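For reference, the structure is listed below as structure tokens.
The values are calculated or read from the model by the stated rules, or taken from the named source; none is laboratory data. Everything numeric here is computed off the predicted structure, so don't read it as measured data. Cβ sites come from the backbone with ideal geometry, for glycine too, and all protein chains shown count toward neighbours.
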Amino acid sequence: MKKIVAYFFQGILLIAPVAIVFYILYVIFVTIDGWLANTIKPLLGFHIPGLGIVIVFISLTMLGFIGQTALVKPLKKITAAFIRKIPVLNLLYSALNDFFSAFVGKDKKFNVPVKVLFNKENNLWKLGFVTNESLTEFDLDDLAAVYFQHSYNFSGELYLVPKERIERLDISPSEVMKFVVSGGVTRIENFEK
């Protein structure tokens, strides 16, 4: 019974950061769309469907731009320091922050697509992304960290792989990610990095 409860909470920890972000975006969209419908419909005489999505997109883009300015960076540091003192909030914040910065931040992690030989006898390969080429902090100099995305899912697994089994691919990282996530159904269109 303890293992089932542990697995249940592990599942919550895996899904919570993404679910929270989508829920917040949904609430913002519904609120803005409802407000716009009540405000603009009397003025124009009709409702513009999807205007809330446009407003949310523009607002988030502007917030992202403002967040990169020198005026906001100290505020971000103070907020992050405060959040790190709250255990559960710290876990969610750091997981979300690391997840999004891996895809769109300055420290993009999924930009080195590779294929890894998993079964030499049957010549089986797996597509992945090198996320850390140096594991000296673990005293594993001959291994690299490779992330393998699950197909039809937003989860994956991290393996420590012998470097000689890794071959870099000369294909765009986004094309490889689409190919893996689609289970190999998507065609790779762009062969340039």
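Take the conditions in contact (Cβ under 8 Å) with a residue 12 or more places away in the chain and either in a loop (DSSP other than H, G, I, E, B) or under 25 Å from Ala19 (Cα atoms) (or both) and apply them to Leu127. Does it pass? Reasoning before the result, please.
Details: in contact (Cβ under 8 Å) with a residue 12 or more places away in the chain: yes; either in a loop (DSSP other than H, G, I, E, B) or under 25 Å from Ala19 (Cα atoms) (or both): no.
Answer is no for this residue.
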Suppose the filter is in a helix (DSSP H, G or I), modelled with pLDDT under 80, out of contact with any Pro (no Cβ under 6 Å at 6 or more places or on another chain) and more than 25 Å from Tyr93 (Cα to Cα); does Pro42 pass it? yes
Conditions: (1) under 30 Å from Lys163 (Cα atoms); (2) at pLDDT 75 or above. Ala102 meets all but one. Number of the miss? (2)
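Only one of these is at pLDDT below 75 and surrounded by 11 or more Cβ atoms within 10 Å (Cβ to Cβ): Leu25, Leu14, Leu60, Leu36. Name it. Before you say what the answer is, go through the steps one by one.
Values: Leu25 fails: at pLDDT below 75; Leu60 fails: at pLDDT below 75; Leu36 fails: at pLDDT below 75.
Being at pLDDT below 75 and surrounded by 11 or more Cβ atoms within 10 Å (Cβ to Cβ) holds for just one of Leu25, Leu14, Leu60, Leu36, which is Leu14.
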